[in-house]
Every structure is written in C-alpha cells, then in structure tokens.
1. With the requirement that a residue be surrounded by fewer than 12 Cβ atoms within 10 Å (Cβ to Cβ) and away from chain A (no Cβ under 12 Å), what does the stretch B:99-114 give you?
2. Inside the stretch A:443-459, can you point out the residues that are without any contact (Cβ under 8 Å) to a residue 40 or more places away in the chain and either among the small types (Gly, Ala, Ser) or under 15 Å from A:ILE386 (Cβ atoms) (or both)?
3. Answer yes or no: is there a residue in the stretch B:48-63 that is at pLDDT 85 or above and under 18 Å from the mean Cα position of the chain (by Cα).
4. Considering each residue of the stretch B:6-64, count those that are within 14 Å of chain A (Cβ to nearest Cβ), farther than 26 Å from B:ALA87 by Cβ and in contact with a Leu (Cβ under 7 Å, 6 or more places away or on another chain), and give that number.
5. Listed residues A:ASP383, A:ASP411; which is out of contact with any strand residue (DSSP E or B) (no Cβ under 7 Å at 6 or more places or on another chain) and of a type in the set (Asp, Glu)?
6. Tell me, please, whether a residue that is assigned to a helix (DSSP H, G or I) and touching a Lys or Arg at 6+ places or on another chain (Cβ under 8 Å) can be found in the stretch B:6-19.
7. Say whether the condition of being free of Cβ contacts under 8 Å to residues at least 60 places away in the same chain and within 14 Å of another protein chain (Cβ to nearest Cβ) is met by at least one residue in the stretch B:157-172.
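The values are calculated or read from the model by the stated rules, or taken from the named source; none is laboratory data. Predicted model, so just to flag it, every value in this text is computed and none were measured. Positions of Cβ are generated from backbone atoms using ideal geometry, with glycine treated the same way; all protein chains shown enter the neighbour counts.
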Amino acid sequence: MPITFIEIEKQKTWRISILFFVLLLMYFCIAMTLVQGFLFLFPIHFIKTGSLFIWNHPSYLLTIAVISLVLAAIHFWFSASGAVRSVMNNIGATPPDPEDEIHKRLMNIMDEIHVVTGTVKKIKCMIIPSLSMNAIAVADLRGNSAIAITEGLLSRLTRSQTEAVLAHEAYHILSGDCMEATVATSLFGMYAAMLDKLQSIGDEDRSGLHPAFFLFWILVKLSQILSMFISREREYRADAASVRMTRDPLSMAEALRLLLRNWSGSGLIGSGIEMLCIINPQATERDESKGFWEDLMSTHPPIRKRIEILLRMVHMSIKDLDAKVNSKSEAVDMSVFSNHIKQTSGETSAFLCPSCRQSLLRGSYEKTKVYQCKFCYGILVEDIKIPRLIARRERNYAERIKSLAQAVIADNQKRLALKNLKNTDIKTKHLIACPKCKNPMFRTFYSFAYLIEIDRCNLCNLTWFEQDELEMLQCLIENKITARINL
Amino acid sequence: MAGWILIAITALLLLWIVVIYNKLVSLRNETINSWKQIDVQLKRRHDLIPNLVSVVKGYMEFERDTLEKVTSARARALYAVRMRDKAFAEDVLTQVLGRLFAVMENYPVLKSNENVMQLQEELTSTENKIAFSRQLYNDLVANFSTKLEVFPDNIIAALFAFHKFEYFSAEEADKSIPLADISIRSK
C-alpha cells in the first residue's frame with residue numbers, strides 16, 4: 001500500500017498492458033478471419049498442401065501475429081497519445097479566466113491539489129461552459145493531463161466541496177486510471193461500433209462467419225465488462241484518496257449528494273467517455289436502483305453507496321446529511337431543480353440547447369416528439385412537425401400566454417413598421433447556433449400575420465422556439481389574434 | 001572455487017548496500033523538498049497578512065485587538081527558529097486568522113470590497129496549501145523514519161549516518177498551555 005501520492009504515481013500501471021494484449025488479440029482475430037476468408041475464396045494454392053484451415057500453416061500464423069502486433073502498437077499509440085486535447089476540444093472546454101473570481105478560486109484549488117500530491121507533473125484545469133453538473137479527468141500517454149469541470153457544478157459547490165471533487169479527479173490522473181480509461185475508451189468505442197456493423201451484416205449471411213469472429217465478439221464484450229469493473233471499483237478508491245488528501249469526508253459526501261439530487265447533464269459529454277466523469281452523464285434511475293444486473297452493467301457505482309461509505313467515516317447517516325443540508329438556504333434551489341426533472345421526463349438526445357448547452361430531452365408535446373431544454377424551456381422542432389403542432393388543439397392556454405402574445409406581436413409590429421419607415425435594419429442581435437449543424441440560425445418572424453420571432457436553420461430544417469414562443473404562436477393561430485395596428 | 005563464491009557474495013552484498021543507500025537518499029531528498037514547499041507557503045502567508053491587516057484596519061476600528069493579535073502572532077511565527085516552536089507559532093497564527101475571518105463576516109462592507117475578498121481567497125488558499133504540504137511532509141517523515149528503523153535498512157542508515165527528520169507539529173504538551181491564554185478573550 002503506497003503511503004504518499006508520489007509513490008502512487010511511481011507505480012507502473014500494469015493494467016494498461018492488459019488492455020494492450022486484448023487489443024493485440026483482437027487484431028489477431030481480425031487478421032485471421034480475413035486470411036481464412038481469403039483462403040476459402042481462392043483455395044488453389046492450398047489444395048496442394050492438403051489443408052484449407054489456417055492453423056495447419058504455422059508460418060502464416062506467425063506472419064499474422066507480427067502484423068497484428070505492429071497494427072496494435074500503432075493503434076495504441078495514436079489512440080492514446082493526443083487524447084487530452086481531442087477530448088477537451090470535443091467537449092468544448094476552455095481554460096479558466098484568471099480575472100473571474102470563481103475561476104481564480106478554481107485555479108487556486110488546483111494549486112493546492114498540486115501541493116498535497118507533491119507531484120511535479122502539472123494538471124491543467126479547464127472549464128466546460130455548460131449548466132450541467134459533472135467533472136471529467138483525462139490523461140494521455142504523453143503525460144498531459146487535465147481536469148475539466150462544468151460551470152454548473154463549479155457554481156454550486158462550496159470551496160471545500162470543489163476541493164474534494166478536484167482531489168477525486170486528481171487521484172484518477174495520478175493513479176493512471178485515466179490513462180487506462182482513455183485508452184479503453186478509444187479502443188472499445190471504435191470496436192463496439194464496428195461490431196454493430198458486423199452483426200448487421202451477419203444477420204443476412206451468418207453461415208460465412210469464422211469462429212474467430214465469435215472470439216472477437218466475446219473479447220469486445222469481455223473488455224467492456226472488464227472496463228466497467230475497473231471503473232466502478234476505482235470510484236471508491238478515488239473517493240478514499242480524496243478524503244486522504246483533504247481530510248474532509250463530509251465535503252465529498254455533500255458534493256456527491258448535490259450531484260445525486262440534481263439531474264446531471266449529459267449530451268455535452270458524449271457517450272464513450274463517461275468512464276472519465278465523476279458521475280455517469282447518462283445516469284438515469286437505473287443507476288440508483290439496487291438490482292444486481294443493473295449494478296453490474298453500469299460504469300459507476302451507485303452514488304448513494306458512495307455517500308454512505310463516506311459518511312461512515314464521520315459517523316453520520318444519510319438522514320443527518322439531508323437534514324444538515326436542508327437547513328441551509330441551498331435547499332431552495334434544489335427543490336426547483338428536482339421539479340424540473342419531474343416535469344420533463346424524456347430521453348436525452350444528441351442536440352444541445354443553444355443557450356444552456358445542456359442536452360435537450362426528447363419528449364412529447366401535443367402528442368408529437370419534440371426536443372425540449374429542461375433549463376430554459378426552449379423547444380426544438382423539426383419543420384415538418386410545426387403544422388401538426390399548430391393544428392392540434394390539446395392544450396389550453398393560460399391568460400398569461402394570451403396577453404403576453406398580444407403584447408409581443410404589438411411590439412414586433414411597431415418595430416417592423418419603424419424598420420419599414422426608416423428603411424434601416426433592426427439591430428442585429430447575436431445569432432444562436434443550430435443545435436445540429438452549429439451554423440447560425442436565422443432569426444425571423446413566423447409569418448407577417450403572426451409576428452412571433454423564431455430561430456430557423458434552413459440547412460437542417462429545424463426551428464428553435466424560446467420559452468413560451470411556441471405556445472404564443474399556437475395561441476395566436478388558434479384564437480386568430482393578429483396585430484391590431486393597421487398600417 | 002571458494003574464492004569465486006566469496007567474490008560473488010561480496011558483490012551481492014555491495015549491490016544490496018547500493019540499492020538501499022540510493023533508496024534512502026531519494027527518500028531524504030523528497031522529504032527535504034516537501035519541507036521547502038511548506039517554507040514557501042509560510043513565507044507567502046507572512047507576506048499576505050500585513051496587506052490584509054492594512055486594508056481591513058480602516059473598516060474595523062472596534063476590532064483593534066483582534067488585528068493586533070494577528071500582527072503579533074505573525075511576528076512570533078516569523079522569528080521562531082526551532083521546528084517545534086515554528087509549528088506552534090504557525091498553529092496560533094492559523095487560529096487567530098480564522099478568528100479574524102469570522103469577525104470579518106460581520107462587516108458587510110468588507111464583503112463587498114473586491115480587494116479584501118481577493119486577499120481573503122489568497123490567504124485561504126495559502127492556508128490550505130500549508131495544511132496540505134504539512135500533511136505531505138509529515139507523511140514523508142514518517143515514511144523515512146520507518147525506513148531508518150526497519151531491520152536490514154537500519155544497518156546501512158547507521159553506517160552512512162542518516163538522521164531522522166523532525167515532524168512539523170507542535171507537541172501536545174506545549175500546545176495546551178499558551179493556547180488557552182489567547183483563545184477565550186477575543187469576542
């Protein structure tokens with residue numbers, strides 16, 4: 001058992017080599033399948049030697065082994081060496097702004113973590129401009145490492161809680177977990193996708209498959225389960241390490257509780273790197289249920305269990321913690337957030353809300369599927385669905401929407417009239433980016449009869465309605481309210 | 001034949017000595033380095049305190065003695081020489097500073113002052129760093145002491161005159177007496 005973090009860092013991470021061997025085996029299987037297939041197609045040469053099967057030709061096996069070794073090494077190096085930058089770009093993380101007080105605090109805390117770990121290797125800290133709550137640690141073979149934390153989480157944690165979370169992530173980096181996870185992710189993400197393709201081909205022509213394919217399939221599945229086990233066990237270890245660094249189990253428990261209570265963001269952090277996060281971004285109810293199978297198949301242990309372990313160190317129960325936290329004013333904001341979760345139940349989608357950068361939930365609205373942001377209540381609709389929404393009259397509109405709609409169109413008409421009179425453009429506001437193609441969306445009126453401003457992407461045929469805009473539009477059309485001023 | 005065996009044994013012995021000696025040296029250097037870390041942070045704290053006091057002074061006329069305590073505790077910490085005295089003086093300084101921060105909570109003017117908030121954040125960060133580097137140093141000292149005492153290593157340690165390091169902590173006996181004298185009267 002290493003005593004200091006310096007020693008942890010020195011330990012060679014032998015598990016990475018296991019991953020390498022799994023990769024090697026996988027390449028070997030692929031190569032063997034290919035060569036064997038080739039032999040079946042062109043059997044001329046081998047009819048002479050009397051055997052069609054490759055394992056009767058040791059020299060071929062050797063060649064395949066060498067080739068797969070080279071391929072595996074190349075793959076391994078490329079997938080793991082530039083990971084930090086690519087992951088950070090992928091999730092849109094930016095370096096903290098030293099002028100900003102909260103960011104400055106984060107940078108200070110990062111320095112403190114360096115002191116406590118006593119390591120020379122610098123860990124970068126980054127900010128993810130998202131309202132979701134998560135933190136992620138990445139490390140690669142070149143020795144770069146970074147911890148990124150979302151604005152949402154950063155703003156809700158106290159100083160000591162941030163410290164605990166960063167210490168947790170720093171342990172992942174120091175112990176080499178991160179590197180492993182980065183490697184595992186880049187390897188298995190790719191192969192899982194390939195496997196899906198292969199399976200769909202195999203459905204049509206299953207008879208042509210070589211046994212090596214099944215070995216390959218088993219290996220991929222096994223390594224997925226293996227990486228899950230690694231990931232789950234090390235969350236506990238990182239919690240423990242965080243406590244050892246900060247000597248403050250309570251803060252860690254509080255931070256975890258905050259993560260548990262507030263629905264974590266997803267989407268932004270693409271699937272495949274969830275192993276690197278402090279809590280699984282795809283977390284649903286499933287992760288908190290105690291079933292054996294669910295327990296086995298999730299990448300993170302149930303947070304409740306982690307909190308229980310931490311609280312045992314300070315002789316508290318979860319109830320005590322709840323009572324303690326509820327007595328503070330923070331409780332108010334939590335209840336607000338838990339309401340949000342109940343209201344919009346739906347599956348997460350790949351689209352991000354253009355203003356909150358939180359992934360949109362696919363849920364039903366007027367009996368059709370739309371994407372809604374649960375923070376700002378903006379709604380993203382495919383253009384073909386707009387007529388349906390307008391035609392359906394399931395909803396009753398509150399007086400508020402009606403009067404708001406009237407006010408808005410009156411105002412818009414006035415602006416439009418002024419614009420026409422003076423022949424100048426309305427001041428161009430900042431344009432929001434299309435959630436799908438990231439190009440700026442057009443800000444236009446729905447029509448000149450119904451002057452509600454909407455954002456439209458003409459490339460993807462998507463329309464973004466901000467909060468109430470869709471309802472106002474529907475209300476206007478149903479009640480046939482048009483602008484009153486006639487020019 | 002016997003000669004060869006003798007040579008082989010001597011070579012193995014020498015190798016063993018070299019390995020252990022190198023291990024001890026690297027541990028010693030780590031410990032020294034971590035002590036330097038503490039020293040840097042302590043110095044930083046000593047530099048920050050006068051700034052904070054001078055900014056806060058104008059607002060906190062009524063808390064003159066709290067401020068004075070901070071200043072005098074700083075001075076004492078600055079001139080402590082022995083490790084134990086130093087640790088003790090720094091402990092006192094931490095406590096007094098904690099009290100100052102608590103008192104500052106009562107002054108909304110200070111909370112809205114950006115300068116004060118920055119200084120407070122810097123000091124908090126430095127305090128944490130001190131605590132952490134102290135943790136690290138003490139862990140390393142413990143580690144090194146164990147190495148010096150366990151069986152085969154202690155022979156080499158004695159041979160090359162390795163010394164134990166002192167822990168950076170005030171001893172319990174020292175701690176209890178003067179602390180009582182400062183703590184109660186502040187509010």
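1. B:GLU105, B:ASN106, B:PRO108, B:VAL109, B:SER112
2. A:THR444, A:PHE445, A:TYR446, A:SER447, A:ALA449, A:ILE454, A:CYS457, A:ASN458
3. Scanning the stretch B:48-63 turns up at least one residue that is at pLDDT 85 or above and under 18 Å from the mean Cα position of the chain (by Cα).
4. 0
5. Working: A:ASP383 fails: out of contact with any strand residue (DSSP E or B) (no Cβ under 7 Å at 6 or more places or on another chain).
On inspection, the qualifying residue turns out to be A:ASP411.
6. Taking the stretch B:6-19 as the starting set, the residues that turn out to be assigned to a helix (DSSP H, G or I) are B:6-19.
Now restrict to residues that are touching a Lys or Arg at 6+ places or on another chain (Cβ under 8 Å): none.
Checked against the condition, which is being assigned to a helix (DSSP H, G or I) and touching a Lys or Arg at 6+ places or on another chain (Cβ under 8 Å), the stretch B:6-19 yields no hits at all.
7. no
Quick grid of which residues meet (1) of a type in the set (Phe, Trp, Tyr); (2) modelled with pLDDT under 75:
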{"residue": "A:TRP77", "(1), (2)": "yes, no"}
{"residue": "A:ALA80", "(1), (2)": "no, yes"}
{"residue": "A:VAL84", "(1), (2)": "no, no"}
{"residue": "A:ASN90", "(1), (2)": "no, yes"}
{"residue": "A:ASP97", "(1), (2)": "no, no"}
{"residue": "A:ASP100", "(1), (2)": "no, no"}
{"residue": "A:HIS103", "(1), (2)": "no, no"}
{"residue": "A:ASN108", "(1), (2)": "no, no"}
{"residue": "A:VAL116", "(1), (2)": "no, no"}
